[in-house]
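For reference, the structure is listed below as structure tokens.
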Amino acid sequence: MKKCKRLAAVGLAAAVALCTFTGCGKSAADEKVIIYSNADDEAVTAMKNALDNNGFRDQYIFQSFGTSELGGKLLAEGSNIEADLITMSTFYINSAQEQNKMFKNLTFSVNTLDEFPSYCAPITAQEGAIILNTEMMKENNLPVPASIKDLANPEYAGMISVTDINSSSTAWLLIQALVSEYGEDGAKEVLTGIYANAGDHIEDSGSAPLKKARAGEVAIGFGLRHQAVADKASGLPIDFVDPAEGNFSLTESAAVVDKGTQSNPKAMEMAECIINNGRAELQATYPIPLYEGEAEDTENKSGNPRVFGETLTFELLKKHQELSDSCKQK
């Protein structure tokens, strides 16, 4: 009898072990899709609405990260990352693919206006602009800046807020504009003056300059144009300037992680769903057309769209981060 009990116990342990390693027959398709994203709240809401309203409610887990944090995970972890589906700054996706070969080619049609790699599809494009608190501008008798270079002028000392490129890619829109217009040496000179004027208002978050302008802590910020457009439309004392150096832009894209036989097939289906069913709501906040058949609202169209002369990569970002660090007061 004792021998039989021991055999039964051994058999049960073996069954538990087998279940642990095989998932008791549970396939990847039965698991919830894990989505990692660096997107703004408005974009996350639009993507969730697209999924929930088209058959994928309660079939995914959505986790938000800062751009630098998620970019670091992509480069360090490759296809071992927990996520099945990524929405992320396109330049980070491209660098992660080049380094780790971690994304699948998309299996659905992507009719973009510009050419994108076969493994990603754009979800948003975001432009930079100078942001103004109109009340503070009047109270302090400040001239309206026409360019990013103007922000280095002494009359704006203590009155501006910008973002640190080491924390947020929003700052890269400003630095791209300066390097493109004035070269690296000229950009350093201007950026040194801007950082001196900003003082303690060099922010970690891309939306912080706008929030500080809203709150009246600063008169001028540099941030995302679509956010300033929305604030102005809602009646807040916020306005914006399309700088003479240009409205540079960054895209964010969706990509499916290639985990071989462990890939969740629903991840590709969800990527397709976001692109096919989410763009209308996304474009209401991020108006730049990305796909054939999309039109840009003329009221929201930027005055001076520009594209940086080099391909945007993580390596170029690091170079511009070093440039930025050299301009900060020690």
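The values are calculated or read from the model by the stated rules, or taken from the named source; none is laboratory data. Values in this document were obtained by computation on a predicted structure and should not be read as measured data. Backbone-built Cβ (ideal geometry, glycine too); neighbour counts: all protein chains shown. SASA here: full protein model, heavy atoms, side chains in, ligands and nucleic acids out. Shrake-Rupley method; radii C 1.70, N 1.55, O 1.52, S 1.80 Å.
Remarks
- Within the option set 89, 64, 37, being among the hydroxyl-bearing types (Ser, Thr, Tyr) and open to solvent by 10 Å² or more (accessible area, probe 1.4 Å) holds for one residue only, 64.
- Looking only at the stretch 150-182, residues that are crowded, with 17+ Cβ neighbours inside 10 Å and under 30 Å from residue 290 (Cβ atoms) come to 22 in all.
Per-residue answers, yes or no, for (1) assigned to a helix (DSSP H, G or I); (2) over 24 Å from residue 158 (Cα atoms); (3) open to solvent by less than 10 Å² (accessible area, probe 1.4 Å):
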site: 210; (1), (2), (3): yes, no, yes
site: 227; (1), (2), (3): yes, no, no
site: 240; (1), (2), (3): no, no, no
site: 244; (1), (2), (3): no, no, no
site: 277; (1), (2), (3): yes, yes, no
site: 283; (1), (2), (3): yes, yes, no
site: 289; (1), (2), (3): no, yes, no
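- Qualifying residues in the stretch 212-225 (those that are surrounded by fewer than 21 Cβ atoms within 10 Å (Cβ to Cβ) and among the charged types (D, E, K, R)) - the one nearest to residue 41 (Cα to Cα): 214
- Matching entry among 185, 200 (being open to solvent by 40 Å² or more (accessible area, probe 1.4 Å) and outside any loop (DSSP other than H, G, I, E, B)): 185
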